[in-house]
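A quick write-up on the structure given underneath.
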Amino acid sequence: MRSLRDVKRSVAQAPVHVGRKADDAMLEHLLRELPASEESSTGRPTQVRRPVMRPMAYAATVAIATAVVAWLVFAGRAPENQQFATVAPASTSGIALLTEISLERAFRRGGIEAVESQCRKALAAPTGKRVTPSLEELLAELAGNEKDMGGKSS
Amino acid sequence: MLEDKFLIWKLRQGSSAALCRIYEKYRDDLLRLAVSLANDTAAAEDIVHDVFVCFIRQARQFRLTGSLKSYLATCVAHRARNVNRAQHVRRVVPLDEAGDVATPSWRPDQWLVCSEEMRQMARALALLPDEQREAITLHLQGGLKFREIAEFQHVPLKTALSRYRGGLTKLRALLNGEV
C-alpha cells in the first residue's frame, strides 16, 4: 500500500534516463540553433544594437579615463599647493628665516631636511650692513639743506 | 532564480555554456513532465526538443519574472496539450489493459529511457482526467504553484486545488490496485 506521500514522491522523482549519444546529438542540435537565433529570429537586438552601443561604450570609457587622469593630476598637485600656501614667502632676512614660525612651517613642508636647508640659507644670507655716512657727506648734506632753506627764505 | 537570470543573460550574449547549463539543469524534469502529460515517449522527446528550440529562439525577448523551471514546464504542458488534442494519443483504458508508454527495449538513438517506475506512473496518470493530471504533474514535476496552475487552466484557485487533491487520491487508488 502506497501512502499519499509515496505517491507524491514517485510522481515527482520517477527516474528517467537519457541515452548518451542521443543526448549529445540533441545538445549539439540546440547549440547549432544558438547562433541561428541571433541572426534570424525576431529582429534587431544584437545586430542593430551593437553599432550604436559600441561608440557609446567607447565614449564612456574615454570620458571616465579622462576624468580619472584629471583627478589624479589635480589631486597630486593639491597637497603641494596647500604646502606652498602655508609656507611663508622666501625671505632674505636671516632673522626672519630663523623665527619659530618659519622653522615650523619649513618642518611641515619638508621635515628636518627642510629645516636644515633653511638654517643654512639663513646663515648664508647677507647680514644687513649699516651704512655710516662720512663727515664730508654729512656737512655737504647739511650745507645743501641750509642753501635750500636760505633760498626759500630769501 | 538568480542563477537562472544570469544564465539567460549569458544566453542572450550567445553563450553556449549557458545553454548547456540550462539544458542539463532542466532536461530530466521536463522529460518526466512530458512523458506524464503526453503518455508517449517519442512525443515527449519531440515536445521537450521543441520547447528548448523555441526557448533559444526567443531568448532575446525573454524576460524572466518567475521561475525558469515553471516557465519551461508551462511550455511543455501547452505543447503536450496540443499534441494530445491533435493526435488523440491518450486513450482512457483500464490500468491492466494500458500499454507501455515507453518501449522496454532501448534503441541506441533513443533519447529518453523511462524506468519501470516511471512507466507505471505514466500509465496510472494516463487514466486520470486531463485537468487532474495536469494539476498533479505541473505541481509535483513542474514545480508550479497552485495559483499558476489555476491561471494555466483558467479556473479559480480552489478548483485547481480540488483537482489536485482529487487526482492524487485517485492516483493513489490506481497505484494500490484499488480501482
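For this structure, a couple of remarks:
- Selection status of B:THR74, outside any helix (DSSP H, G or I) and among the hydroxyl-bearing types (Ser, Thr, Tyr): no
- Yes/no for B:ARG90 being buried (at least 19 other Cβ atoms within 10 Å of the Cβ), away from every other protein chain (no Cβ under 12 Å) and at pLDDT below 85: yes
Every residue, every condition in (1) touching a Leu at 6+ places or on another chain (Cβ under 6 Å); (2) more than 11 Å from every other protein chain (Cβ to nearest Cβ); (3) surrounded by fewer than 17 Cβ atoms within 10 Å (Cβ to Cβ), yes or no:
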site: B:MET118; (1), (2), (3): no, no, no
site: B:ALA126; (1), (2), (3): no, yes, no
site: B:GLN141; (1), (2), (3): yes, no, no
site: B:ALA160; (1), (2), (3): no, yes, no
site: B:LEU171; (1), (2), (3): no, no, no
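- Selection of the stretch B:26-50 for residues being under 17 Å from B:ALA86 (Cα atoms) and either away from every other protein chain (no Cβ under 11 Å) or surrounded by fewer than 20 Cβ atoms within 10 Å (Cβ to Cβ) (or both) yields B:LEU37, B:ALA38, B:ASN39, B:ASP40, B:ALA42, B:ALA43, B:ASP46, B:ILE47, B:ASP50.
- The stretch B:53-84, residues that are among the aromatic types (Phe, Trp, Tyr) and surrounded by fewer than 19 Cβ atoms within 10 Å (Cβ to Cβ): B:PHE62
- Checking each residue in the stretch B:1-25 for being assigned to a helix (DSSP H, G or I) and within 12 Å of chain A (Cβ to nearest Cβ) picks out B:LYS10, B:LEU11, B:ARG12, B:SER16, B:ALA17, B:ALA18, B:LEU19, B:CYS20, B:ARG21, B:ILE22, B:TYR23, B:GLU24.
- All positions within the stretch B:31-66 that are basic (Lys, Arg) and either touching an Asp or Glu at 6+ places or on another chain (Cβ under 6 Å) or touching a residue at least 12 places away in the same chain (Cβ under 8 Å) (or both): B:ARG32, B:ARG60
- Residues in the stretch B:55-87 that are of a type in the set (Ser, Thr, Tyr) and either closer than 29 Å to B:ASN176 by Cα or at pLDDT below 85 (or both): B:THR65 alone.
The values are calculated or read from the model by the stated rules, or taken from the named source; none is laboratory data. Just so you know, these numbers come straight off a predicted model, no measurement behind them. Heads up, the Cβs are rebuilt from the backbone with ideal geometry, glycines too, and the neighbour counts pull from every protein chain shown.
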